[in-house]
Amino acid sequence: MENSKDGKIRSNIKVGYEVEIVLKQDQRSGKLTDGIVHRILTKSKNHPHGIKVELDTGEVGRVKNILDTDI
């Protein structure tokens, strides 16, 4: 199983990665927002709903998909 794209595992996510997150207000609809990771906010190694990050736009949400890891 491909685990390097799992947004629930903190070690898979680095500053500068392009990811898709779900914002707090979009959790019910599941609408995804994509952007570049500016800061990783979750301290634990993993989280069942996705690692919480701040994008370079200032938006905060939980990672659902890791799109591009070329930094």
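Out of everything in region 6-50 that is of a type in the set (Gly, Ala, Ser) and out of contact with any helix residue (DSSP H, G or I) (no Cβ under 8 Å at 6 or more places or on another chain), what residue ends up being nearest to ARG62 (Cα to Cα)?
GLY50
If you check ASP68, ASP34, ASP56, which single one turns out to be touching a strand residue (DSSP E or B) at 6+ places or on another chain (Cβ under 7 Å) and at pLDDT below 95?
Exactly one of ASP68, ASP34, ASP56 is touching a strand residue (DSSP E or B) at 6+ places or on another chain (Cβ under 7 Å) and at pLDDT below 95, namely ASP68.
Could you list all residues from region 60-71 that are among the aliphatic types (A, V, I, L, M) and touching a residue at least 60 places away in the same chain (Cβ under 8 Å)?
ILE66
Step by step: first the residues of region 16-59, then only those that are hydrophobic (A, V, I, L, M, F, W, C) and free of Cβ contacts under 8 Å to residues at least 40 places away in the same chain, then the one that is farthest from THR69 (Cα to Cα). Which residue is that?
Filtering region 16-59 for residues that are hydrophobic (A, V, I, L, M, F, W, C) and free of Cβ contacts under 8 Å to residues at least 40 places away in the same chain, the one farthest from THR69 (Cα to Cα) comes out as LEU23.
The values are calculated or read from the model by the stated rules, or taken from the named source; none is laboratory data. These numbers come from a predicted model, not from an experiment. Glycine gets a Cβ as well: all are built from the backbone with ideal geometry, and neighbour counts include every protein chain shown.
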